[in-house]
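Scroll down for the structure; my scribbles are underneath it.
The values are calculated or read from the model by the stated rules, or taken from the named source; none is laboratory data. Remember, it's a predicted structure, so these values are computed and weren't measured experimentally. Virtual Cβ from ideal backbone geometry, glycine too; neighbours counted across all protein chains shown.
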Amino acid sequence: MQKLFLIKYGELNTKKANIGLFLKTLQKNIMNELQDITCDITFDKGRMYIKTAENNFELVKEKLSKIFGIHEIAIGYELENNSFELLTDNLIQLLQEKDFKTFKINTKRSDKNYFLTSPEINQKLGGVVLKNIHDVKVDVNNPEIIINVEIRKTNAYIYFETIKGLGGYPTSTLGKGLLMLSGGIDSPVAGFLAMKRGVKLECIYFDSPPHTSIEAKNKVITLANIIGQYQGHIKVHVIPFTKIQETIYKEVPNEYMITIMRRMMYRISEKLAHKNHCKIIVNGESIGQVASQTLDSMSVINEVVKIPVIRPVACFDKLEIIALAKKINTYETSILPYQDCCTIFVPEHPVIYPTLDKCIEYEQHFDYESLINEALKNEVIIKDQIKNDYSDYL
């Protein structure tokens, strides 16, 4: 009997013919995360199995909890074969180490040729437990302990403890995206949700010194560090935006400044996405939250790019976004009082219903293509080398 982790796939089971790609990617992602820990990782279409020394279990459990594609993590025991006698002997041995008064047995039988059905196994094992463990009884509604048994072709498994995983798809199975990462609450949450759907992210940040501070940039790098834990590593493209922003301030009517600024950001993001083989742009826009996120504004801003723009929190309200930000540990960093370039030069009355004709007219007041090319030429790339170490930049 060997203690191990059993990984349950959940949504991945719907992939049928393509499941092999998803499982191999999940195995690779787990191996990358556990590269400093001696372990053995194998899988079949039903489960993934991770074996390691027991003194590694707490660390492995913590790391597995941050890997997308895992529906549930079970800590259990693998038996040498699936004979019923071996199953009962080992179960009683394990239960003697536990303190409980009520129990329930759940059996899953992937080996349909096994001589007992799942309900029959439940019944027979229940009888064995009642006979060998004193002062306990069955409670199918609210048991103190649930005994999970899995019967497979060559082995059987017993486990009591399960931990909910992040779910979703393994990171990178659906390609790369470019996250427009600001210092706010919304964009890190949007990045997390995109990763959950199997998208590997790079980030773009628009830096506008001296109007934005070094603390604002450091805040964004810290946020990248936090969400980067969910895909193993992350790259941040820092784009100098000062000249573009100052030009807009001089050449564009106040009410249209934010709209034109966002159109410039989208143009730059699309060029950078193509250069880095990203298939989509991801951002934290939420419908109606600010003036640039009305449907009219989003439509006019989106018009400048052909690449798909994904808005994972578009239909979330602010309280829902905050709750998720707290869950993924980005909230406390996001609320640090350092302004990014989206919050400086904000006019008192930004246009809520911009028109495309006006945007085109105002953009003809300056040579934005040259400004965009200059900004891209002067980008700074922050790429973590080992375990998201951004200390040199903070």
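All of Asp384, Asp389 fail the test of being at pLDDT below 95, farther than 18 Å from Ala273 by Cα and either surrounded by 13 or more Cβ atoms within 10 Å (Cβ to Cβ) or touching a helix residue (DSSP H, G or I) at 6+ places or on another chain (Cβ under 7 Å) (or both), apart from Asp384. Among the candidates Lys112, Lys66, Lys98, Lys51, the residue that is under 27 Å from Tyr169 (Cβ atoms) and at pLDDT below 95 is uniquely Lys66. Which count do you get for residues in region 94-131 that are touching a residue at least 60 places away in the same chain (Cβ under 8 Å) and exposed (fewer than 15 other Cβ atoms within 10 Å of the Cβ)? The qualifying residues number 2.
I need the full set of residues from region 110-127 which are basic (Lys, Arg) and either assigned to a helix (DSSP H, G or I) or closer than 15 Å to Tyr159 by Cβ (or both), in order please.
If the condition is that a residue be basic (Lys, Arg) and either assigned to a helix (DSSP H, G or I) or closer than 15 Å to Tyr159 by Cβ (or both), then Lys124 is the only one that fits.
The residue that is farthest from the chain's Cα centre (by Cα), among those in region 248-280 that are surrounded by 18 or more Cβ atoms within 10 Å (Cβ to Cβ) and of a type in the set (S, T, N, Q), is Thr259.
Against the test of being more than 23 Å from Lys217 (Cβ to Cβ), small (Gly, Ala, Ser) and not in a loop (DSSP other than H, G, I, E, B), the options Ala375, Ala314, Ala323 yield a single qualifying residue, Ala323.
Here Ile244, Ile234, Ile227 are screened, and the one residue that is in contact with a Pro (Cβ under 7 Å, 6 or more places away or on another chain), among the β-branched types (Val, Ile, Thr) and buried (at least 24 other Cβ atoms within 10 Å of the Cβ) is Ile227. Pairing residues of region 244-260 that are in a helix (DSSP H, G or I) with residues that are of a type in the set (Val, Ile, Thr) and surrounded by fewer than 20 Cβ atoms within 10 Å (Cβ to Cβ), at Cβ distances under 9 Å and at least 6 apart in sequence or on separate chains, gives Ile244/Ile372; Gln245/Ile344; Met257/Val346; Ile258/Val290; Ile258/Val346.
Checking every residue in region 191-206 against the condition of being in contact with a Pro (Cβ under 7 Å, 6 or more places away or on another chain) and in a strand (DSSP E or B) gives zero matches.
Out of all the residues in region 22-71, which are surrounded by 13 or more Cβ atoms within 10 Å (Cβ to Cβ), of a type in the set (Ser, Thr, Tyr) and more than 25 Å from Val149 (Cβ to Cβ)? Result: Thr25, single match.
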